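Everything on this sheet refers to the single structure shown next.
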Amino acid sequence: MFSWYVFSTLGKYLSILLAVITLISCNNNSVKGNRKELAIIPMPASLKQTESGNFTINKLTKIRIDESLSAAADRFIEHVKNASGITISTDEQKSQNNIIIYYLDTTLAKEAYTLDVSKNSINIAGGDYNGLLYASETLLQLLPPAVYGDPQENLKLSIPVVSIKDQPEFPWRGLMLDVSRHFFGKEYIKKCIDRLAMHKMNKFHFHLIDDQGWRIEIKKYPKLTETGAWRVDQEDKHWNSRRKTKPDEKGTYGGFYTQEDLKEIVAYAAKKGVEVVPEIEMPAHVTSAIAAYPELACKGNPQPAVPSGGVWPITDIYCPGQESTFEFLENVLLEVMEIFPSDYIHIGADEATKTNWEKCPHCKKRIKDEGLENVKQLQSYFIKRIEKFLNDHDKNLIGWDEILEGGLAPNATVMSWRGMKGGIEAAEHGNDVIMTPGDWCYLDHYQGPHNLEPIAQDGYVPLHKVYEFEPIPESLSSDKAHHILGGQANLWSEYINTESHSEYMLYPRLAALAEVFWSPKHTRDWADFSNRLMVQIERYNAAGINYSKSSFLVTSDMEIDLEKREIKLQLRNEYPNPDIRYVMGDIPLNDKANIYKEPIKIDSTTVIKASLFEDDKPVGPVFTDTIKFHKAVAKNITYNIPCHDSYQGTGETSLVNTIRGTKNFHDGQWQAWLSKDMDVVIDLEKPVEVSKVTIGAMENQGPDIYYPTAVTVYLSDDGKNFKNAGQINRPYAANGGAGLMDFVITFAPQQTQYIRVVAKNLGVSPKGSDAWLFIDEIVVE
Ligand code: TNX
């Protein structure tokens with residue numbers, strides 16, 4: 001009795017000690033850390049490792065699982081077989097040892113599981129099929145990352161002794177893929193579904209319809225895919241500078257899924273615990289449908305073609321005045337419901353510009369007959385009518401947050417994309433919500449510095465930002481929090497036309513969101529996640545997933561000491577306590593490089609190379625920058641016309657901090673003036689010889705940013721009397737994309753203390769709106 005007590009108490013203390021050690025090593029604040037064994041993503045709700053030792057899979061290992069549930073172990077068995085050649089066969093004789101046992105435990109919550117690994121056996125209980133499935137995924141992650149890859153010789157399949165109790169925070173853990181802007185084949189969709197399962201995500205929102213392509217076969221309306229799925233190929237041009245096509249031009253670029261394809265995808269996904277939720281857009285984002293059946297639009301709307309690129313504003317929309325439109329939509333939805341057994345149908349409802357509705361006699365009549373006040377209420381009538389139809393067929397409606405405008409449909413679930421506001425309003429109102437705000441969840445936005453990334457949708461959503469996402473806003477009443485079903489990553493595909501690019505945008509940001517949606521808030525820790533991510537990345541390597549290394553990038557910032565008039569270069573990376581090393585000058589970046597400890601003083605023009613290091617080797621891309629030191633660096637600037645509040649660059653020395661802006665006008669380096677000129681005076685503090693002044697400008701005509709129409713440089717000894725030293729004129733020229741240009745003014749060398757630079761704003765754009773003028777640096781040489 002006594003000895004048992006001593007041992008058990010000792011055992012308890014030993015386990016606590018072990019647990020503390022595990023905790024310390026897991027929370028090691030470096031990208032290195034001790035991370036090899038227990039790197040599960042998303043982090044389980046509870047994980048205990050009180051004993052050392054392993055369960056080792058070998059040729060004799062057996063599995064016991066009820067036949068009706070056996071698919072929950074398939075991915076596990078397949079990966080083990082592919083990587084090691086070992087077939088884990090079914091247990092026929094009720095073995096006690098070397099066995100993996102799966103069973104249902106209905107006392108557990110939906111999707112929950114427990115996983116107990118001992119040296120002899122593995123016991124898995126699941127609250128349902130998904131719970132068992134997720135236990136298999138965890139089991140795979142307890143094996144070496146190579147288990148996700150090709151056959152390996154002597155792959156040691158040991159699973160550490162561990163006890164896990166796990167369940168998701170949110171029931172909706174989704175990914176939306178836009179297959180309209182660019183079409184992606186069935187096999188890629190299946191790959192995405194596998195990877196959703198790998199990340200314990202359970203909803204695949206299939207964005208099947210948009211202006212640029214209708215992707216779902218509808219038997220009753222064959223022209224939807226004959227015409228609507230194809231557009232004129234202008235893939236060589238920027239999305240927003242593609243020419244308008246004519247209705248009689250034949251489209252050759254595109255594709256669609258047959259109903260058989262879609263049923264196959266739905267069945268495939270169900271096995272992986274993923275529900276496919278189709279989005280059937282209405283009333284806007286349907287130019288592809290109207291190109292096929294022009295009568296679906298309001299009377300007098302000229303017939304459009306399927307556009308090859310961006311359309312804005314979206315005015316080719318369905319006419320809710322005519323009964324035939326609803327007949328069409330109901331027939332389409334009937335076929336959709338036959339294919340997709342999901343509880344939900346997403347009906348879009350975003351970004352409808354209703355100018356046609358204002359003029360259309362049918363719409364006017366509908367507004368009058370239904371006692372509506374305006375076209376917003378007409379949209380609400382539209383959505384409520386469709387909701388009734390769906391509810392009558394036992395389906396729930398989801399719509400983008402625009403469905404709040406003009407009155408929310410009674411049972412609708414709102415997908416909040418324009419920030420969290422719509423979601424909060426809907427939840428307070430008692431409706432369910434899926435949070436997918438652009439600033440955190442839009443994986444089509446940039447994930448690294450714009451100049452180093454492939455073209456993407458404007459906006460900056462780096463990995464650590466994604467990880468910070470919190471689906472339940474603090475301002476929401478606590479008794480309404482249960483209306484937040486979860487969240488979703490959205491991948492719009494305007495700029496994504498290959499599978500490898502799609503993967504690049506998805507991973508590893510999807511891993512960060514998976515953890516946000518699955519793991520309890522108190523277990524979420526960026527430093528710990530970044531350690532585990534290093535192992536996840538090895539899994540991606542083994543599985544051949546083209547993930548992005550943007551989070552490894554080193555970025556820079558300039559620190560200005562206004563007292564000393566000195567500049568210092570700061571290097572950083574998204575990870576906590578990163579091991580950054582650098583060299584100055586054109587020499588190799590290797591293990592002899594300087595370890596970055598504090599900002600580096602810059603006093604001459606220099607090349608700098610830096611990278612994140614792991615095990616004394618650079619990982620990820622090398623940051624290279626030429627810092628052009630010049631005579632005005634950190635000097636005082638007076639603004640005769642202040643810059644706009646929204647674009648102040650890095651503050652008062654932004655124009656003389658040596659840092660050049662990128663094509664992203666939000667990158668924090670640009671100062672801007674709206675319909676006003678730039679007019680600044682630089683004080684060089686004493687007479688200095690000067691012969692060249694360079695002014696950096698940007699043009700991006702989409703958002704009304706134009707090059708200056710003239711730039712003039714004036715010089716002065718006293719700051720009062722200035723004389724003109726040179727001018728460059730550049731009249732407005734139409735251009736679709738975004739560009740950068742240096743305006744260089746040279747003159748005979750002369751001593752001067754004050755330099756005034758005036759850049760003329762275009763004033764009013766050809767579209768009639770106020771024009772922006774963007775300037776990043778004034779280089780004085
Ligand atoms: C807004 S999100 C859209 C999409 C675009 C996306 C680009 C939403 C409901 N509408 O049509 O593809 O922005 O980021």
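All of Gly430, Gly459 fail the test of being modelled with pLDDT of 95 or more and either touching a helix residue (DSSP H, G or I) at 6+ places or on another chain (Cβ under 6 Å) or of a type outside the set (Phe, Trp, Tyr) (or both), apart from Gly430. For region 539-554, what are the residues that are touching a helix residue (DSSP H, G or I) at 6+ places or on another chain (Cβ under 8 Å) and either at pLDDT below 95 or of a type in the set (Gly, Ala, Ser) (or both)? Scanning region 539-554 gives Ala542, Ala543, Ser548, Ser550, Ser551, Leu553.
Take the conditions (1) more than 13 Å from the chain's Cα centre (by Cα); (2) over 23 Å from Thr662 (Cα atoms); Gly487 misses just one of them, which is (1).
Comparison of Pro145, Pro222 shows that the only residue that is more than 16 Å from the ligand (Cβ to nearest atom), free of Cβ contacts under 8 Å to residues at least 12 places away in the same chain and more than 25 Å from Trp312 (Cα to Cα) is Pro222.
Criterion applied to Ala284, Ala267, Ala352 was being within 31 Å of the chain's Cα centre (by Cα) and not in a loop (DSSP other than H, G, I, E, B), and the one residue passing it is Ala267. Would you mind telling me which numbered condition in (1) in contact with a strand residue (DSSP E or B) (Cβ under 8 Å, 6 or more places away or on another chain); (2) surrounded by 16 or more Cβ atoms within 10 Å (Cβ to Cβ); (3) not hydroxyl-bearing (Ser, Thr, Tyr) Trp214 fails? Unmet for Trp214, out of (1) in contact with a strand residue (DSSP E or B) (Cβ under 8 Å, 6 or more places away or on another chain); (2) surrounded by 16 or more Cβ atoms within 10 Å (Cβ to Cβ); (3) not hydroxyl-bearing (Ser, Thr, Tyr): (1). Restricting region 293-306 to residues that are surrounded by fewer than 22 Cβ atoms within 10 Å (Cβ to Cβ) and either polar (S, T, N, Q) or part of a helix (DSSP H, G or I) (or both) leaves a set whose member that is modelled with the lowest pLDDT is Asn301.
Return the residue satisfying two criteria in turn: it lies in region 165-179 and is among the hydrophobic types (A, V, I, L, M, F, W, C) and part of a loop (DSSP other than H, G, I, E, B), and of such residues it is nearest to the ligand (Cβ to nearest atom).
Out of the qualifying residues, it is Val179.
Regarding region 407-419, can at least one residue be identified that is closer than 21 Å to Trp172 by Cα, aromatic (Phe, Trp, Tyr) and either buried (at least 20 other Cβ atoms within 10 Å of the Cβ) or away from the ligand (no atom under 16 Å from the Cβ) (or both)? Checking region 407-419: at least one residue is closer than 21 Å to Trp172 by Cα, aromatic (Phe, Trp, Tyr) and either buried (at least 20 other Cβ atoms within 10 Å of the Cβ) or away from the ligand (no atom under 16 Å from the Cβ) (or both). On inspection, Val535 passes the criterion of being surrounded by fewer than 21 Cβ atoms within 10 Å (Cβ to Cβ), hydrophobic (A, V, I, L, M, F, W, C) and in a helix (DSSP H, G or I). Of the residues making up region 584-616, those that are surrounded by 11 or more Cβ atoms within 10 Å (Cβ to Cβ) and in contact (Cβ under 8 Å) with a residue 60 or more places away in the chain are Leu612, Glu614.
Put simply, of Lys421, Lys465, Lys480, Lys384 the only residue that is under 25 Å from Gly371 (Cα atoms) and of a type in the set (Lys, Arg) is Lys384. Just one of the numbered conditions (1) at pLDDT 95 or above; (2) under 28 Å from Asn700 (Cβ atoms) is not true of His238: (1).
Here is the figure for region 537-595: residues that are in contact with a strand residue (DSSP E or B) (Cβ under 6 Å, 6 or more places away or on another chain) and aromatic (Phe, Trp, Tyr) total 2.
Do we find that Pro749 is modelled with pLDDT of 95 or more, crowded, with 17+ Cβ neighbours inside 10 Å and either part of a strand (DSSP E or B) or under 43 Å from the mean Cα position of the chain (by Cα) (or both) in this structure? So Pro749 does not fit the description; no. The condition of being part of a helix (DSSP H, G or I) and more than 12 Å from the ligand (Cβ to nearest atom) holds for only one of Ser475, Ser500, that being Ser500. Annotation: of all residues in region 427-446 being of a type in the set (A, V, I, L, M, F, W, C) and within 15 Å of the ligand (Cβ to nearest atom), the one that is farthest from Pro341 (Cα to Cα) is Trp440.
Can you name the residue in region 447-472 that is of a type in the set (A, V, I, L, M, F, W, C) and surrounded by fewer than 18 Cβ atoms within 10 Å (Cβ to Cβ) and, of all such residues, is farthest from the ligand (Cβ to nearest atom)? Residue satisfying both the conditions and the ranking: Leu452.
The values are calculated or read from the model by the stated rules, or taken from the named source; none is laboratory data. Everything quoted here is computed from the prediction, not taken from an experiment. Counting neighbours? That spans all protein chains shown, and the Cβs are built from the backbone with ideal geometry, glycine included.
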